[in-house]
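Heads up, the thing below is written out as structure tokens.
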Number of protein chains: 2
Amino acid sequence: MTVLPPGAATPLASAEQILERLFKPTGVPGVHIRSGAYEDIVEALGRFITRLRPEGAEVYRAPPVVSRALIEKAGYLKSFPHLLGCVCALSGGEAQIEAAVDRFASGAGRWTDDVEATDLLLAPAACYPIYPIAAELGTTPPQGFVFDIAGDCFRREPSQDIDRLQSFRMREFVAVGGPEAIQAFRESWIARAPDIAGALGLPHRIEAASDPFFGRIGQMIGRFQVAQSLKFELLIPVRSAQSPTACMSFNYHRDQFGLTWDIRTSDGEAAHTACVAFGLDRLAVALFATHGVEARQWPEAVRRALGL
Amino acid sequence: MTVLPPGAATPLASAEQILERLFKPTGVPGVHIRSGAYEDIVEALGRFITRLRPEGAEVYRAPPVVSRALIEKAGYLKSFPHLLGCVCALSGGEAQIEAAVDRFASGAGRWTDDVEATDLLLAPAACYPIYPIAAELGTTPPQGFVFDIAGDCFRREPSQDIDRLQSFRMREFVAVGGPEAIQAFRESWIARAPDIAGALGLPHRIEAASDPFFGRIGQMIGRFQVAQSLKFELLIPVRSAQSPTACMSFNYHRDQFGLTWDIRTSDGEAAHTACVAFGLDRLAVALFATHGVEARQWPEAVRRALGL
């Protein structure tokens with residue numbers, strides 16, 4: 001575990017400065033319009049991460065919406081029902097839709113009272129579409145399958161915090177295979193992470209963590225997750241050094257998704273899976289917080305690492 | 001108006017070939033997982049369009065969700081209520097959310113019956129966040145303000161057609177200013193469009209068009225739109241030469257958004273607005289349809305134009 005260096009007590013740019021210089025507000029907490037200067041850094045981070053991509057990884061990109069059936073099958077609803085965004089629409093006939101619009105236009109009520117759930121959700125994480133794709137590939141090879149997937153994610157947790165967006169981008173390397181290969185994959189990324197953060201000049205530490213599982217039973221699941229070391233996070237000071245922000249995570253799902261999608265190793269066992277996730281917006285905000293709102297003034301080594 | 005060249009009667013790659021080689025299905029019509037080979041072209045198109053960007057354009061990028069209040073204020077609901085995706089969520093207390101999940105888990109019903117509309121919609125077009133940003137800039141200068149905006153858009157029109165996605169990416173150059181400057185902006189893009197399509201080796205023609213307004217009154221609005229030449233589209237054969245696909249559009253909104261957001265020109269009149277929209281996914285699919293599913297075998301001039 002790396003500790004935060006002593007000189008990194010206070011981020012250089014405040015949340016207020018970052019919001020003012022790099023975003024435009026939308027009126028909705030945790031949803032911002034992004035400036036070109038901000039997007040340049042998100043794109044540079046994308047290229048930086050591509051250079052870290054494991055050899056042979058299959059590349060996929062996901063749209064911001066995902067099949068509801070897929071997320072239901074993944075068991076997401078049991079763990080994080082409070083975070084899910086469901087795509088709903090006015091689905092009646094012309095008269096019914098007209099009535100909803102008239103009600104809204106006349107100020108008599110809300111048109112949204114008539115929307116119905118579609119077969120789509122907003123993607124809560126980038127990796128879910130990968131598991132059925134892996135299942136289609138057949139028995140996993142000894143070194144496992146590796147994928148590079150990214151997409152816009154949504155979690156319904158409105159917040160004024162600069163590091164907690166409702167809509168954010170996630171990039172993941174996902175490995176699917178036998179338990180030893182998958183654990184080694186995750187270990188190797190935990191071992192590499194300090195160098196990755198270091199190349200970007202980001203103070204950091206790595207800690208065991210838990211996901212924000214729903215409800216009282218969820219809190220027990222979270223404690224189990226920590227006890228079993230199923231999740232580690234790379235933490236970087238964004239709002240403060242006291243409460244650093246998880247900007248990468250290293251997740252081991254054991255055979256949960258292998259069983260769900262019937263992905264098998266050559267010895268017939270359910271495949272294990274793991275992923276290393278890069279929070280692109282959190283890393284970008286961490287860069288601005290650490291090095292200042294003006295990317296042209298960032299340390300030369302950081303600019304070089306990002307190809308700026 | 002340019003006509004489709006005679007040699008361009010049939011796209012080289014079929015919709016089936018494109019789906020098979022460049023996408024993975026999600027089980028939902030018009031929502032696909034994108035391969036790396038496909039995304040390479042979408043990214044190359046992005047860089048190609050950046051080189052066309054008007055000097056001085058302010059760059060913004062939008063997340064896939066947008067404030068519901070913004071879209072309601074824009075009048076979208078009157079015109080296209082049937083296309084809107086509303087973000088809904090389980091918003092009750094712990095017991096209520098638990099009940100919804102239990103109902104689903106036990107097979108007794110749908111958890112989605114309990115979701116409620118949030119303050120967010122899926123963005124139906126990229127340009128809407130620009131108008132309040134323009135309003136904040138104050139009186140428009142003689143040549144107008146110009147913006148470069150892009151984002152993931154959603155329209156609820158499930159289809160098996162390769163050129164009609166529910167989730168797709170749109171890039172727009174938006175101009176805001178006096179009527180003459182804005183009309184000249186749009187005219188200049190209509191004049192440039194054949195060269196743009198030509199550089200990409202895409203057979204094309206430009207036609208007056210109308211948006212898919214809702215209902216019977218909407219059909220009248222659509223006829224008015226055509227009669228007033230408020231919308232032109234660049235059409236490219238994707239599914240067939242007989243029914244070419246709108247891949248760019250050139251839209252003149254007159255003073256609709258200027259009035260709505262109180263954007264004023266220096267003589268105190270409501271500003272006019274226009275936009276040129278690039279359908280990034282449609283252009284990418286058009287490239288594969290026209291030149292084949294293997295980008296390495298595309299004509300050298302097209303590859304050069306795209307920086308491949």
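Go through the residues of the stretch A:287-295 one by one and say whether even a single one is open to solvent by 10 Å² or more (accessible area, probe 1.4 Å), under 22 Å from A:V226 (Cβ atoms) and small (G, A, S). No, because not a single residue in the stretch A:287-295 is open to solvent by 10 Å² or more (accessible area, probe 1.4 Å), under 22 Å from A:V226 (Cβ atoms) and small (G, A, S).
Kindly indicate the residue of the stretch A:220-236 that is aliphatic (A, V, I, L, M) and within 16 Å of A:I190 (Cα to Cα) and also surrounded by the fewest Cβ atoms within 10 Å (Cβ to Cβ) among those meeting that condition. Taking the candidates together, the pick is A:V226. Taken over the stretch A:250-308, residues that are of a type in the set (V, I, T) and more than 24 Å from A:I162 (Cα to Cα) amount to 4.
Among B:G30, B:G56, B:G36, which is closer than 28 Å to A:E43 by Cβ, in contact with a strand residue (DSSP E or B) (Cβ under 9 Å, 6 or more places away or on another chain) and facing another protein chain (nearest Cβ under 8 Å)?
Details: B:G30 fails: facing another protein chain (nearest Cβ under 8 Å); B:G56 fails: facing another protein chain (nearest Cβ under 8 Å).
After applying the criteria, what remains is B:G36.
None of B:Q143, B:Q160, B:Q166, B:Q183 is polar (S, T, N, Q) and crowded, with 19+ Cβ neighbours inside 10 Å except B:Q166.
Evaluate the stretch A:239-256: report whether one residue or more is within 21 Å of A:V42 (Cβ to Cβ), in contact (Cβ under 8 Å) with a residue 12 or more places away in the chain, among the basic types (K, R) and in contact with a Phe, Trp or Tyr (Cβ under 8 Å, 6 or more places away or on another chain).
No, every residue in the stretch A:239-256 fails to be within 21 Å of A:V42 (Cβ to Cβ), in contact (Cβ under 8 Å) with a residue 12 or more places away in the chain, among the basic types (K, R) and in contact with a Phe, Trp or Tyr (Cβ under 8 Å, 6 or more places away or on another chain).
All conditions in (1) facing chain B (nearest Cβ under 10 Å); (2) surrounded by 21 or more Cβ atoms within 10 Å (Cβ to Cβ) hold for A:I71, with the sole exception of (1). When the residues of the stretch A:97-132 are filtered to those that are at the interface with chain B (Cβ under 7 Å from one of its Cβ atoms), under 19 Å from the mean Cα position of the chain (by Cα) and open to solvent by less than 10 Å² (accessible area, probe 1.4 Å), the one that is nearest to A:C275 (Cα to Cα) is A:L122. If you go through the stretch A:262-280 and keep only what is buried (at least 22 other Cβ atoms within 10 Å of the Cβ) and part of a loop (DSSP other than H, G, I, E, B), you end up with A:I263, A:A271. Within the stretch B:27-60, the set of residues being open to solvent by 40 Å² or more (accessible area, probe 1.4 Å) and assigned to a strand (DSSP E or B) comprises B:E58 only.
Do we find a residue being under 25 Å from A:I71 (Cβ atoms), outside any strand (DSSP E or B) and among the acidic types (D, E) anywhere in the stretch A:224-235?
So far as the stretch A:224-235 goes, no, none of its residues is under 25 Å from A:I71 (Cβ atoms), outside any strand (DSSP E or B) and among the acidic types (D, E).
For the stretch B:237-253, the criterion of being open to solvent by 20 Å² or more (accessible area, probe 1.4 Å), within 14 Å of chain A (Cβ to nearest Cβ) and among the aromatic types (F, W, Y) is met by no residue. Within the stretch B:95-122, residues that are of a type in the set (S, T, N, Q) reach no partner that is modelled with pLDDT under 95 and surrounded by fewer than 19 Cβ atoms within 10 Å (Cβ to Cβ) with beta carbons closer than 7 Å at six or more positions or on different chains.
Of all residues in the stretch B:197-219, how many are within 14 Å of chain A (Cβ to nearest Cβ), free of Cβ contacts under 8 Å to residues at least 60 places away in the same chain and open to solvent by 20 Å² or more (accessible area, probe 1.4 Å)?
Kept after step one, since they are within 14 Å of chain A (Cβ to nearest Cβ), are these residues of the stretch B:197-219: B:212-219.
Next cut, free of Cβ contacts under 8 Å to residues at least 60 places away in the same chain only: B:215-217, B:219.
Then drop every residue that is not open to solvent by 20 Å² or more (accessible area, probe 1.4 Å), which leaves B:216-217, B:219.
Residues meeting the conditions: 3.
Of all residues in the stretch A:74-89, those satisfying the criterion of being within 7 Å of chain B (Cβ to nearest Cβ) and open to solvent by less than 10 Å² (accessible area, probe 1.4 Å) are A:L77, A:P81, A:L84, A:G85, A:C86, A:V87, A:C88, A:A89.
The values are calculated or read from the model by the stated rules, or taken from the named source; none is laboratory data. All values reported here derive from a predicted model rather than from experimental measurement. Cβ coordinates were reconstructed from backbone atoms using ideal geometry, including for glycine residues, and neighbour counts include every protein chain displayed. Just so you know, the surface numbers come from the protein's heavy atoms only, side chains and all, with ligands and any DNA or RNA stripped out. Shrake-Rupley method; radii C 1.70, N 1.55, O 1.52, S 1.80 Å.
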